[in-house]
Amino acid sequence: LCGMSPGPEDGDPDVTWGEASGGLAAEHGWWEQRVWPALAHRVPHLETVKVRGAWSGLYDYNTVDQNALVGPHPEVGNMVVCAGLSGHGVQHAPGLGRAFAELLVHGAYQTIDLSRFDPARLLGPEPRPLREDNVI
């Protein structure tokens, strides 16, 4: 129904551990001030929804272009990267696993070409970000 990521004006999230939750402290203000109003605007009956529990955690997110980084690091020798999947890691795991294994074993992709996600696209004198505006 809606999705949003914190913008630059929101600053860094609170990553202190909450004693009661046993994990990261949920930011209830974010729900109440940003998410709930967007949901209620789209579906007015959701305005009466009550929060019964909350969970929060760290999110693997590439802040430059919101796309995966897969391939050899262009500046650090013997380092291969597979990160920045923006919460889609489980969905992409079978294909990524196969392509990443091919890259490691054969030195190149054999069946699934993930070269467009090469980390080098974001480094160097002319970065080439892959824009995708629909990542939530």
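The values are calculated or read from the model by the stated rules, or taken from the named source; none is laboratory data. The structure displayed is predicted, hence computed values, not measured ones. Quick reminder, even Gly has a Cβ in these numbers, built from the backbone with ideal geometry, and neighbours come from all protein chains shown. Ligands, DNA and RNA are stripped out before the accessible areas are found, and what is left, the full protein with its side chains, is counted by its heavy atoms. Shrake-Rupley method; radii C 1.70, N 1.55, O 1.52, S 1.80 Å.
What residues have an amide H closer than 5 Å to that of V80, excluding those fewer than 5 places away on the same chain, when H is modeled at 1.01 Å from N in the peptide plane?
Correct list: H73.
How large is ³J(HN,Hα) for each residue in the stretch 115-124, as worked out from phi by the Karplus curve 6.51 cos²θ - 1.76 cosθ + 1.60 (θ = phi - 60°), to whole Hz, x for Gly and Pro?
4, 5, 9, 4, x, 4, 5, 9, 10, x
Just to confirm a number: summing +1 for Lys and Arg and -1 for Asp and Glu over residues other than H41 whose beta-carbon lies under 12 angstrom from that of H41, what do you get?
+1
What whole-number value in Å² describes the accessible area per residue of the stretch 40-136 for a 1.4 Å probe?
The answer is 72 Å² per residue.
Given a Förster radius of 25 Å and the C-beta distance between V90 and E27 as r, what FRET efficiency does 1/(1 + (r/R0)^6) yield to the nearest 0.05?
That gives a FRET efficiency of 0.55.
Carbon and sulfur together cover what percent of the accessible area of the stretch 74-127 at a 1.4 Å probe radius?
Result for the stretch 74-127: 56 percent of the exposed heavy-atom area is carbon or sulfur.
Within the stretch 31-136, which trypsin sites (Lys or Arg not before Pro) sit in a loop by DSSP and count at most 12 neighbouring Cβ atoms inside 10 Å?
K50, R52, R131
Can you work out the Karplus-derived ³J(HN,Hα) for every residue in the stretch 83-97? Use 6.51 cos²θ - 1.76 cosθ + 1.60 with θ = phi - 60°, whole Hz, and x for glycine or proline.
Values, residue by residue: 7, x, 8, 6, x, 9, x, 5, 5, 8, 3, x, x, 5, x Hz.
At R0 = 35 Å, how high is the FRET efficiency between E126 and H41 if r is their beta carbon distance? Nearest 0.05 is fine.
The pair E126/H41 has a calculated efficiency of 0.30.
List the GluC sites (Glu not before Pro) in the stretch 56-136 that DSSP assigns to loop (not H, G, I, E or B) and whose Cβ has at most 11 other Cβ atoms within 10 Å. Which are they?
Loop-located and lightly packed - E75, E132.
Quote the FRET efficiency, to the nearest 0.05, computed for R52 versus M79 with a Förster distance R0 of 41 Å and r equal to the Cβ-Cβ distance.
Efficiency computed from Cβ-Cβ geometry: 0.40.
Modelled label-to-label distance, T63 and E9, 7 Å Cα→beta-carbon offset: nm?
Taking the two extended label points, one gets 1.7 nm.
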